[in-house]
1. Could you count how many residues in the stretch 17-54 are without any contact (Cβ under 8 Å) to a residue 40 or more places away in the chain and either in contact with a Cys (Cβ under 7 Å, 6 or more places away or on another chain) or of a type in the set (Val, Ile, Thr) (or both)?
2. Please state which of the following conditions His109 fails to meet, knowing it meets all the rest: (1) free of Cβ contacts under 8 Å to residues at least 40 places away in the same chain; (2) on the phi < 0 side of the Ramachandran plot.
3. Search the stretch 140-163 for residues being touching a helix residue (DSSP H, G or I) at 6+ places or on another chain (Cβ under 7 Å) and part of a helix (DSSP H, G or I), and hand back the single one that is surrounded by the most Cβ atoms within 10 Å (Cβ to Cβ).
4. Condition (residue is farther than 19 Å from Val117 by Cα and of a type in the set (A, V, I, L, M)) applied to the stretch 53-64: is it met by at least one residue?
5. Please state which of the following conditions Gly116 fails to meet, knowing it meets all the rest: (1) over 20 Å from Ala157 (Cα atoms); (2) in contact with a helix residue (DSSP H, G or I) (Cβ under 7 Å, 6 or more places away or on another chain); (3) surrounded by 19 or more Cβ atoms within 10 Å (Cβ to Cβ); (4) modelled with pLDDT of 95 or more.
6. Looking at Ile134, Ile100 in this structure, which one is in a helix (DSSP H, G or I), at pLDDT below 95 and surrounded by fewer than 19 Cβ atoms within 10 Å (Cβ to Cβ)?
7. For the stretch 110-135, enumerate the residues that are within 17 Å of Ser163 (Cβ to Cβ) and more than 11 Å from the chain's Cα centre (by Cα).
8. Would you tally the residues in the stretch 72-90 being part of a loop (DSSP other than H, G, I, E, B) and surrounded by 15 or more Cβ atoms within 10 Å (Cβ to Cβ)?
Amino acid sequence: MFWLLKHMWTQNFPPPPTWSVDDIPDQTGRVHLVTGGNAGLGFETTKALLKKNATVYIATRNRWKAGEAILQLKDQTGREARFFELDLASLDSVKRAATIFLTLETELHVLYNNAGVMFPDISLLTADRYDLQIGTNMLGHFYLTKLLMPALKAGKARIVNLSSIVTLYMPSLRGL
């Protein structure tokens, strides 16, 4: 129990960083795919990468929200992200998206599995009838990563999986 409290404390009050987005090297010629790149951490990740000349795909299910984010990013960085339609709550959508991506790009240098839902109503399910939170946050990203493996291997890629502290320590708070 002490370890958990200590770990939660350091997660909430980490030491000052020694590295910043300014330290990201030039990303010219490198392809990045950010799920949920239209909001939150995904948006900020996309913005930092665009400032470093990366080709960035914003993978999200909502074309309108992605369009708004792309306009905002272009205004802030002078560079344009690319919309990539992906609904992680549908394995058919994931397969379709991965197939399209592999026709667009032969290499993927970094995949950011960032998108997710938090505390949806317990009755909500994915298109494949899985719990919406598990299906979207875990199964959809796992399947996407598996299907993009040829481009990931060709790009000698990194895969970045984001998660909240709630997902790490308390996988089911729905009953509270």
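The values are calculated or read from the model by the stated rules, or taken from the named source; none is laboratory data. Computed from a predicted model, the values in this text were never measured in an experiment. Cβ atoms come from the backbone with ideal geometry, glycine included; neighbour counts cover every protein chain shown.
1. 5
2. Condition not satisfied by His109: (1).
3. Gly140
4. First, the residues of the stretch 53-64 that are farther than 19 Å from Val117 by Cα: 53-57.
Next, from what is left, pick out any that are of a type in the set (A, V, I, L, M): 54, 56.
Yes; the residues of the stretch 53-64 include at least one that is farther than 19 Å from Val117 by Cα and of a type in the set (A, V, I, L, M).
5. (4)
6. Details: Ile100 fails: at pLDDT below 95.
None of the others qualify; the one that does is Ile134.
7. Val117, Met118, Phe119, Pro120, Asp131, Leu132, Gln133, Ile134, Gly135
8. Going residue by residue through the stretch 72-90, those that are part of a loop (DSSP other than H, G, I, E, B) are 78-81, 86-90.
From what is left, the residues that are surrounded by 15 or more Cβ atoms within 10 Å (Cβ to Cβ) are 79, 81, 86-90.
Result for the stretch 72-90: 7.
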